[in-house]
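The values are calculated or read from the model by the stated rules, or taken from the named source; none is laboratory data. Predicted model only: the values in this text are computed from it and were never measured. Note that we place each Cβ from the backbone using ideal geometry, even for glycine, and neighbour counts take in every protein chain shown.
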Amino acid sequence: MAWISPTGFVDGGGSWSDETFAYDENTVTYAVETIAVAGWGNYLELTHSALNCDKVQVWSSYQASVDLIEVDVYYSSAWDNIYSGACTTGQYVEYAIGSEQSVTAVRIRYHITKKNRWVGVNEADFNEVSVGPTPDAYNKIFYTSEPPTPNAWNQVKQETGTGYHKLLYI
């Protein structure tokens, strides 16, 4: 498992600035939005090519009167809300998806109780879950250059068990 940074963004509402700061590996810098009226701000969507993911983490900064955060992830051709609730500032907060999914984006927005408040996403990351080879891959040897010669490689004595097994060149 490893934390993976987004590689792009979508600012559908056009209200965010410095969006790339949300994934520059620096918790001092941040993407920022000023929300003009009390209520929900616009989403900042952070993207990546599909990866197997079981949670995301977000580091937020904000002005007083920010009371809620909403975090959604995109998989299976739809947005899935994984958290709506109290917001924490100045540290990473992990939000679990609930299962491993092939995720391509996370989107974040904030709710304010007073007008003209700023919010910031300092960092956001995907938790990539390691995926091993398929069960069938354990039974094959892959060659990257010339195929083995028939006499040398097509049959190899199995160390345990009985008999010989054919190696496949793929």
> Right, Val56: more than 27 Å from Gln101 (Cα to Cα), touching a residue at least 12 places away in the same chain (Cβ under 8 Å) and out of contact with any Pro (no Cβ under 8 Å at 6 or more places or on another chain) or not?
Replying inline: no
>> For the range 5-13, check the following and say yes or no: at least one residue is surrounded by fewer than 19 Cβ atoms within 10 Å (Cβ to Cβ), within 25 Å of Asn116 (Cβ to Cβ) and in contact with a Ser or Thr (Cβ under 9 Å, 6 or more places away or on another chain).
In response: yes
> Of the residues that make up the range 60-74, is at least one aromatic (Phe, Trp, Tyr), exposed (fewer than 15 other Cβ atoms within 10 Å of the Cβ) and more than 29 Å from Met1 (Cα to Cα)?
Replying inline: no
> Is it true that some residue in the range 41-55 is loosely packed, with under 15 Cβ neighbours inside 10 Å, within 21 Å of Lys114 (Cβ to Cβ) and assigned by TED's automatic domain parsing to the domain that holds Arg109?
Replying inline: no
> Taking interchain pairs and intrachain pairs at least six residues apart, which have beta carbon atoms under 9 angstrom, with the first residue in the range 88-104 and within 24 Å of Thr7 (Cβ to Cβ) and the second of a type outside the set (Lys, Arg) and loosely packed, with under 11 Cβ neighbours inside 10 Å?
Replying inline: Glu100/Val131; Gln101/Ser76; Ser102/Ser76; Thr104/Ser49
> Can you spot a residue in the range 23-30 that is more than 17 Å from the chain's Cα centre (by Cα), surrounded by 14 or more Cβ atoms within 10 Å (Cβ to Cβ), of a type in the set (Asp, Glu) and in a loop (DSSP other than H, G, I, E, B)?
Replying inline: no
>> Against the definition (exposed (fewer than 15 other Cβ atoms within 10 Å of the Cβ) and over 21 Å from Val129 (Cα atoms)), how does Thr34 come out, yes or no?
In response: no
>> For the range 90-133: of the residues being among the hydroxyl-bearing types (Ser, Thr, Tyr) and not in a strand (DSSP E or B), which is modelled with the highest pLDDT?
In response: Thr113
> Does the range 25-39 contain at least one residue that is in contact with a Ser or Thr (Cβ under 8 Å, 6 or more places away or on another chain), over 19 Å from Trp118 (Cβ atoms) and touching a residue at least 24 places away in the same chain (Cβ under 8 Å)?
Replying inline: yes
